[in-house]
Structures are given as structure tokens and as C-alpha cells.
Amino acid sequence: MKSHVAEIVAHSSNVSSLVLGKASGRLLATGGEDCRVNIWAVSKPNCIMSLTGHTSPVECIQFNSSEERVVAGSQSGSLRLWDLEAAKILRTLMGHKASVCSLDFHPMGEYLASGSVDSNIKLWDVRRKGCVFRYKGHTQAVRCLAFSPDGKWLASASDDSTVKLWDLIAGKMITEFKSHTSAVNVVQFHPNEYLLASGSADRTVKLWDLEKFNMIGSSEGETGVVRSILFNPDGSCLYSGSENTLRVYGWEPDRCFDVVHVGWGKVSDLAISNNQMIAVSSSQNNVSWYVVDLNRVKKSGSVLQGLIQDKLIPAPTSALGTTLRRNYERPTTSCTGQDPEGERRSPSSEDEKEDKESSAEITNPEDYKEIFQPRSAISRTPPKRTEPFAAPLEHSFSESVLEKPGPAVKIVTPHALNAKASVMGDEEALAQIRKGHDTMCVMLTSRYKNLDTVRSVWASGDVKTSLDSAVSMNDLSIVVDVLNIINLKPSLWKLDLCTSILTQIEELLQSKYESYVQTGCISLKLILKRFWPLISDTLTAPPSVGVDITREERHRKCKACYKQLKNLSNVVKNRAEQVGRHGSTFKELQLLMSFQ
């Protein structure tokens, strides 16, 4: 049922914060009074990486959803963001006037929320190194932040005993929940339904309906302060971690399915990996790991009789009963507000100096390489096994497909060739390798001639005519080659090019070839960043007096671009809802388009 896996000395001084990677449950980040952030593989005794740069104790840490980045907030109010795969500092964010005590990444990855002892919440654009918006409303420290799965809402929990829900699009508070009687330590959204859970120092866990904004459940019987809560990935139940105890809750009606007594003390964080509950707690400069086998934990059914004495609490009269709440649409969001103090700023020399003083020291090269490299086979993803912390599965591929137009050509690797050698002769094997060779040669010869034609026009210095020539050939591979060159030098982009290429970009974004999709995304991102302000200002400007041919021509081009971008927004929205290699890129494009 349960086991104490390991205990390590995590820092040279007291551990002040720790967090598990929720995607895998196999990574741990710890922050200490020694001003360091250390990265660990769960159950292994050696630190993988030590991140430096903070000049005051690290008060809170958070991984992004892919566990490729980690951000840490310090007692001085600064935030530092590191890229774990590249082992380097990405950003230093300044703005809080007191200790940062809560963090969360937006589902789309490029935005970050931070809460502070100064009672303020800030939303950061980590790409631009700036604060997008500041949310005011709490009167004491903000202890926990959580974005909704669709990225539209932000929930905050505070020492002032309240939970607040913020609308990121409108930039204002939607509602406030006040039923807790002590500081609220943790808050989390249901993975699918419009439901919010919160845990407090008053030893209760409460659940809130986010359609009617009322409480639908309140648990009692916790043995201590509720420090961690976690919905089961399928949304069927809620886990609550308090002093030495794990409880499993259901709702509508309220019930406690199971109680597991675990000697983890003041548990700091929970994660689920391979149907195992992984928990971490700290004492002074030590960190301990614990595992609970969820296969042996009751997660449904009626209230347990005899084992526990929790009373069945009647649901409020306004509760929804067994009615299902709406599911989240993933994701459509924007954050239109501006920071009232104008804290968005460009990187300064002082920021660059701070970034240079930060470092990522790899202390365990073997584990670092295994977990963070190569990127295409990240081993921290939990394997499909039942043993605690089983070793990751190794992947081997016997063939790959050449990602170019025309017939797909299978490249047979030595592994596949050796496997077939026993059942075919040399001539047959060579014939298999040459299959499709002639067709590919014809295709590449035609492509070479088309590129040579475009090159001759390009040599004259007319980029617009070169691109039009590529478009007229009805060969997307040529368009991709030309766009890849233009994208390397963004200054080549002009409004004329946008009118010619946006239709082609729509085709690229829907292509089955990943390289085409990537090129289309890069081009669209550059167009939005460089020309949307011009398009918007031109179309919303009042009519001019008299005849202005230049202005009218610019207005015509902007109108055409706007219409094409409108069509593209639907394509981007549909692709952002899909899971795949470029999912995060389309989510970023969707957010960028909604900002416009």
C-alpha cells in the first residue's frame, strides 16, 4: 500500500520549497535558503542539476507542463526562469515588492502567473520579459495559483481565507469564495468539468461549482492542515494530503472513499505516475519521497463503514446533484489588460547582467543526459508498468519516412535490413532499397528547375516577384524553400508579401508534412508581430480628406490581409485543440492572434 522510498540531503541549509513535475511524477525541484534550485530524479540520491542566480532564499518553484522549464520565485521578489534541456537561464523577471510565494504556468506555456506576500498577482509574458497585467483584490499573501485547463481563468488562494476567480480576458475578478475560516493553502481545477477544489489550514477541503459559483461539497476529518490536493487524472475523485494522511474524496453527494495513513509528516506536494501516488515532504535540509499504490486505494463506491467516522454531509439545496457540468474548451484565451503601472519593459543591461550571473551546473551528467536529452525520447515520461519508479522503456524504430512531397520513400535502417536478410537474398534486398528511387529522382529534378527559375528572379532583388513566381508553380515545396530564406531575415517582410502568401500559409498549416507546418507557423508569427498594428490602425482610422492614392492602396492591402487572417484564425483554433508535436506552437499562435 505504501512505502518510504528515499531520503536525501537536498541543500546545505533548510529546504524552503519543493515541487513535483505533474506530467511524469519523476522529476523534483527543490529550493533552499542557500538560494539554489536543485533538480532531482525521483528516488535517485544524486542531484541532476543545480541552478544558481538568486541572492535570497527560494520561496516557490514550478515546472511547466512539459517539464522542460522551471521557474523559481525568491524572498526578494524576483523570478528566474531556466531551460532545463539547454541548461541555461532564460529570463529574470522583476516587479514584486515582497517575497514570491506562488507560481503557475499558463497552459500555452509562454505566460506565467506569480503571487506574492505583497498580495498582488502578476501575469508575465516570458518571451517579452514583461508584466502583462496585475490583479489586485487579496489583502494578504497569495499562497497558490492555478490556471483553468482552457487557460481562460486563474484561481488564487490566500492567507486572507478567500479563493478568488479571475477572468484573464476581461482582466477582472469573476467571483470570490469565502467559506474557509483560515488561510487557504492550495487550489486546483478539475481536469474536465467546471469544478474547483481548495484546501485550507482550517482542515477542510471544499469543492465549488464554477457554473453557479456555489459550494457543492465540504469535507471534515482531516488530521491537520491541508497542504496538497490533486484530482485523479480521469477526474473521478480528489486526493487530499495532510499531516501523515492521504484521503480520497468524491462529491455529489460528499463522501470519503478511503483514508490511508502515511508517515510523510507535513506533505508538500503530490503527483501521480503509473497509478502510483508520489508524495514529497521536507524537514530542515532533508527531503523524503513516499509512494502509495493507488490500485489498492478505494476511489469510488459508498461511504466506508467502520473504517472511518466521517459523516455524509448533505449537499446544498442549490447543488447540481448528478447533473454534469460543462467541459472546458481547450484552449481559447486572451489577456487584453495592461499593467496599471506600465511594468512591461524591454530587457535592460541590468537584467542581462543578472542573467549572466545565473548558471545551471550539471552535477550528474548521466542522469541529465538520460532525462533531458535527446529531446525526442524524454525518459521522464512514466512507463506502462506497475512497479514503483520503473525504468523508462527504450524505443527503437526500424524505419522512418522522408518528409517531402511525392511518394513516401522508406529508408531501411541496418536493424530492419538485418532482420530481413535471413529471408531474402542480396538482389531482393537491393531491389527493396531502390524501390521508388526513379520516381524520387524525377521529382527532385523538377524541383531543382523550379528553384533555379525562382533564383534568377531573386537575383534581380525583387523579393515580391520571386515569391509570386514560387506561388504560381503550384508546388508547396518551392514556397517553403523561399519562405525559409525570408524568415531568416524578417526585415524582408513587406505588406505586399503578406497579401501574396497568407493563402499559401493556410495550406502549409494544414499540411501533413511537419516541416511545412513549422515554416507556416514561423511565417505567420512574423506577420502578426510586424504587421498587425499597421493593419489594425489602418482599418480603424477615420476616412481621410481628399484623395490619397497611397493611403487607399494601403487600406486595400490591409483589408485583404485582415480577411485572410480571419480565415487563418479558424485553422489555428482547430489545430490548437489537437495533440501533437506542434500543438504548443498552435496554442501560442492562437493566443497571439487573440491578443491582437
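The values are calculated or read from the model by the stated rules, or taken from the named source; none is laboratory data. Quick caveat, the model's predicted, so the values are computed rather than measured. Note: ideal-geometry Cβ built from the backbone for every residue, glycine included; neighbour counts use all protein chains shown. Note: accessible area is taken over every heavy atom of the protein model, side chains too, but ligands, DNA and RNA are not part of it. Shrake-Rupley method; radii C 1.70, N 1.55, O 1.52, S 1.80 Å.
Determine whether MET443 is in contact with a Gly (Cβ under 9 Å, 6 or more places away or on another chain), more than 21 Å from CYS561 (Cα to Cα), open to solvent by less than 60 Å² (accessible area, probe 1.4 Å) and modelled with pLDDT under 85.
On the way: in contact with a Gly (Cβ under 9 Å, 6 or more places away or on another chain): yes; more than 21 Å from CYS561 (Cα to Cα): yes; open to solvent by less than 60 Å² (accessible area, probe 1.4 Å): yes; modelled with pLDDT under 85: yes.
It is true that MET443 is in contact with a Gly (Cβ under 9 Å, 6 or more places away or on another chain), more than 21 Å from CYS561 (Cα to Cα), open to solvent by less than 60 Å² (accessible area, probe 1.4 Å) and modelled with pLDDT under 85.
State all residues of segment 526-574 that are open to solvent by less than 70 Å² (accessible area, probe 1.4 Å) and β-branched (Val, Ile, Thr); if no residue qualifies, say none. If the condition is that a residue be open to solvent by less than 70 Å² (accessible area, probe 1.4 Å) and β-branched (Val, Ile, Thr), then ILE527, ILE535, THR538, VAL571, VAL572 are the ones that fit. Scanning segment 450-466 for residues that are buried (at least 17 other Cβ atoms within 10 Å of the Cβ) and under 13 Å from SER500 (Cβ atoms) yields VAL463, SER466. The set of residues from segment 170-203 being open to solvent by 40 Å² or more (accessible area, probe 1.4 Å) and not in a loop (DSSP other than H, G, I, E, B) comprises LYS172, MET173, ILE174, GLU176, ASN185, GLN188. Scanning for something within 19 Å of ALA197 (Cβ to Cβ), of a type outside the set (S, T, N, Q) and open to solvent by 10 Å² or more (accessible area, probe 1.4 Å), does segment 107-124 turn up at least one residue? For segment 107-124, residues within 19 Å of ALA197 (Cβ to Cβ), of a type outside the set (S, T, N, Q) and open to solvent by 10 Å² or more (accessible area, probe 1.4 Å): present. Can you find a residue that is in contact with a Phe, Trp or Tyr (Cβ under 7 Å, 6 or more places away or on another chain), modelled with pLDDT under 90 and either of a type in the set (Lys, Arg) or surrounded by fewer than 19 Cβ atoms within 10 Å (Cβ to Cβ) (or both) anywhere in segment 218-237? Within segment 218-237, none of the residues are in contact with a Phe, Trp or Tyr (Cβ under 7 Å, 6 or more places away or on another chain), modelled with pLDDT under 90 and either of a type in the set (Lys, Arg) or surrounded by fewer than 19 Cβ atoms within 10 Å (Cβ to Cβ) (or both).
Could you please find all residues in segment 204-214 being basic (Lys, Arg) and assigned to a loop (DSSP other than H, G, I, E, B)? Selection gives LYS212 alone.
Restricting attention to segment 153-169, the residues that are modelled with pLDDT of 90 or more, over 11 Å from GLY137 (Cβ atoms) and in a loop (DSSP other than H, G, I, E, B) total 2.
Taking the stated definitions as given, is LEU28 open to solvent by less than 10 Å² (accessible area, probe 1.4 Å) and touching a residue at least 12 places away in the same chain (Cβ under 8 Å)? Step through it out loud before you land on a result.
Values: open to solvent by less than 10 Å² (accessible area, probe 1.4 Å): yes; touching a residue at least 12 places away in the same chain (Cβ under 8 Å): yes.
Yes.
Look at segment 151-170: where a residue is under 15 Å from SER114 (Cα atoms) and a partner is basic (Lys, Arg) and outside any loop (DSSP other than H, G, I, E, B), sitting 6+ places away or on another chain with Cβ atoms under 6 Å, you get SER156/LYS164; ALA157/ARG143. Looking only at residues in segment 273-283 that are out of contact with any Leu (no Cβ under 7 Å at 6 or more places or on another chain) and farther than 16 Å from ALA29 by Cα, which one is surrounded by the fewest Cβ atoms within 10 Å (Cβ to Cβ)? So the residue we want is ASN274. The sole residue among GLN504, GLN518 that is crowded, with 17+ Cβ neighbours inside 10 Å, closer than 24 Å to SER477 by Cα, in contact (Cβ under 8 Å) with a residue 24 or more places away in the chain and within 24 Å of the chain's Cα centre (by Cα) is GLN518. Looking only at segment 561-574, decide whether some residue is modelled with pLDDT under 80, of a type in the set (S, T, N, Q) and more than 30 Å from ASP452 (Cα to Cα). No - not one qualifying residue is present in segment 561-574. Residues that are at negative phi and open to solvent by less than 10 Å² (accessible area, probe 1.4 Å) within segment 147-163 comprise SER148, ASP150, LEU154, ALA155, SER156, ALA157, SER158, VAL163, listed in sequence order. GLU59 meets each of the listed conditions (1) over 23 Å from PRO365 (Cβ atoms); (2) at pLDDT below 90 apart from (2).
Do we find a residue being in the same structural domain as GLY241 (by the TED database) and under 26 Å from LEU246 (Cβ atoms) anywhere in segment 165-179? Before you say what the answer is, go through the steps one by one.
From segment 165-179, those in the same structural domain as GLY241 (by the TED database) are 165-179; that's our starting set.
Checking the rest, the ones that are also under 26 Å from LEU246 (Cβ atoms) come to 177, 179.
Yes - at least one qualifying residue is present in segment 165-179.
Take the conditions in contact with a strand residue (DSSP E or B) (Cβ under 9 Å, 6 or more places away or on another chain) and modelled with pLDDT under 90 and apply them to SER43. Does it pass? For SER43, the condition - in contact with a strand residue (DSSP E or B) (Cβ under 9 Å, 6 or more places away or on another chain) and modelled with pLDDT under 90 - is met.
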